[in-house]
Structures are given as structure tokens and as C-alpha cells.
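K.L.:
Before I ask anything, here is the structure I am working with.
The values are calculated or read from the model by the stated rules, or taken from the named source; none is laboratory data. Not measured: the values here are computed from a predicted model. Glycine also receives a Cβ, built like all others from the backbone with ideal geometry; neighbour counts cover every protein chain displayed.
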């Protein structure tokens with residue numbers, strides 16, 4: 001197995017060094033780990049204008065605990081040789097608004113962003129949030145669901161936005177499974193109709209077996 005892994009690495013390196021597959025690496029932005037965020041771990045989302053949206057696991061304003069991550073936007077510079085401009089759209093406070101966004105954000109047709117935080121919320125088990133653009137760089141956050149264990153805990157991965165307005169995703173734990181802890185869930189959140197709250201539906205509860 002070690003030989004196979006080593007061979008695979010050599011093939012990748014050889015391919016990268018081949019002139020036919022030469023690529024130019026361009027650094028768009030360097031995070032400072034401060035107010036602009038730090039440790040971007042997930043994929044990014046690009047809108048029709050080429051703006052880039054994403055999350056960082058760390059960074060932001062340091063409050064009672066460590067900085068809890070941000071949602072950011074990158075816009076292209078006027079001069080090609082310059083870094084892209086970063087705007088912090090939302091700075092998590094590690095309270096009911098969420099803590100540690102580990103996944104990417106999904107762009108809705110109305111321009112709002114949907115995402116998750118791994119922790120935080122009313123039960124500290126993670127949240128699904130929506131960011132709505134306002135005037136200028138001001139965005140407001142709406143918590144559409146705070147995990148308590150029944151629908152799962154610790155949401156991870158990207159969200160899928162349905163044409164009916166529903167939001168689909170997965171959690172790392174919770175549900176019903178081995179030892180009562182649960183191996184995670186696949187869920188769907190349905191937007192409110194006559195009711196004020198989004199409706200949680202567990203599509204599948206993994207048992208961790």
C-alpha cells in the first residue's frame with residue numbers, strides 16, 4: 001500500500017511539472033487571521049459578476065472567547081497585479097448566532113447566502129443561517145434552524161437549495177444510532193408557510209454501523 005501511495009504521488013508531481021499541464025498560481029487574498037478572518041477550510045461560491053463568497057473557521061472580532069469565524073466576499077481589483085478586496089459580511093459572536101462556520105455558503109436566487117456553523121446556536125450544536133444583503137456592505141443574519149440533537153448535531157458540508165425554497169444538508173452527529181449518540185443525519189428544512197418557523201425533516205438518520 002505504501003508503494004502504491006508513493007507511486008501516485010510521483011505521477012501527480014510529474015503531471016504538474018509537464019509543460020502541457022502547466023498552471024499559473026495566483027494568490028487572490030492573504031487572510032491575516034484578524035478581523036478579516038483566518039483558516040478558510042471550505043470551497044467558495046462565485047456569483048454571476050465573479051465575486052467570491054466563503055467562510056473562515058477562525059478570525060473576526062475577539063469577544064469572550066476565541067474569534068469564531070466570518071463570512072467574507074472577495075471582489076476583483078482594477079489592476080490585475082493587485083490582491084482582491086475583502087469585505088467581511090458577517091462576524092460570528094459564538095452565541096445564538098453561531099460559531100465556527102466550516103462549510104461553504106450557497107447563493108440563493110434573491111442574492112441571500114445560506115450556510116451552517118459547526119457549533120453555536122441555542123444548544124451549542126450548530127446552526128443553519130441565512131445572510132440577507134442590505135445597504136452597502138451591511139448584511140443581516142437570520143437563524144433558520146438551531147440544532148438540538150433531534151435533527152442532528154454539528155452540521156458539515158455544503159447546503160443544497162431546492163427550487164421550492166427548501167434547504168438540504170447533513171450533520172456529523174445526532175439522530176438515532178449506535179449507543180444513542182447517532183451517526184449523523186441528512187435533513188431538509190422547509191420554509192415557513194403559515195407558521196413562523198422552518199420545518200425540520202430528517203431524510204435519513206445514520207447509525208454509524
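K.L.:
Residue 116 - would you say it is without any contact (Cβ under 8 Å) to a residue 60 or more places away in the chain, surrounded by 17 or more Cβ atoms within 10 Å (Cβ to Cβ) and under 22 Å from residue 165 (Cα atoms)?
P.N.:
Taking the combined requirement at face value, the residue satisfies it.
K.L.:
So residue 110 fits all but one of (1) farther than 20 Å from residue 47 by Cα; (2) part of a loop (DSSP other than H, G, I, E, B); what number is the exception?
P.N.:
Result: residue 110 passes all but (1).
K.L.:
When the stretch 58-75 is examined, which residues are found to be in contact with a strand residue (DSSP E or B) (Cβ under 8 Å, 6 or more places away or on another chain), in a loop (DSSP other than H, G, I, E, B) and surrounded by fewer than 19 Cβ atoms within 10 Å (Cβ to Cβ)?
P.N.:
Result: 61, 66.
K.L.:
Take the stretch 76-107 and flag every residue that is in a strand (DSSP E or B) and under 22 Å from residue 30 (Cβ atoms).
P.N.:
Within the stretch 76-107, 85, 86, 87, 88, 89, 90, 91 meet the criteria.
Residue-wise test of (1) at pLDDT 75 or above; (2) over 17 Å from residue 84 (Cβ atoms); (3) touching a strand residue (DSSP E or B) at 6+ places or on another chain (Cβ under 8 Å).
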residue	(1), (2), (3)
1	no, yes, no
4	no, yes, no
11	no, yes, no
16	no, yes, no
27	yes, no, no
40	yes, no, yes
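K.L.:
Let me ask something additional. Quick check: is even one residue across the stretch 171-185 closer than 21 Å to residue 69 by Cα and surrounded by 14 or more Cβ atoms within 10 Å (Cβ to Cβ)?
P.N.:
Looking for residues that are closer than 21 Å to residue 69 by Cα and surrounded by 14 or more Cβ atoms within 10 Å (Cβ to Cβ), one finds at least one in the stretch 171-185, hence yes.
K.L.:
Next question, about the same structure. For the stretch 33-48, which residues satisfy the criterion of being surrounded by 11 or more Cβ atoms within 10 Å (Cβ to Cβ) and without any contact (Cβ under 8 Å) to a residue 12 or more places away in the chain?
P.N.:
46
K.L.:
Does the stretch 80-91 include one or more residues that are under 19 Å from residue 146 (Cβ atoms), touching a strand residue (DSSP E or B) at 6+ places or on another chain (Cβ under 7 Å) and without any contact (Cβ under 8 Å) to a residue 40 or more places away in the chain?
P.N.:
Among the residues of the stretch 80-91, not one is under 19 Å from residue 146 (Cβ atoms), touching a strand residue (DSSP E or B) at 6+ places or on another chain (Cβ under 7 Å) and without any contact (Cβ under 8 Å) to a residue 40 or more places away in the chain, which makes the answer no.
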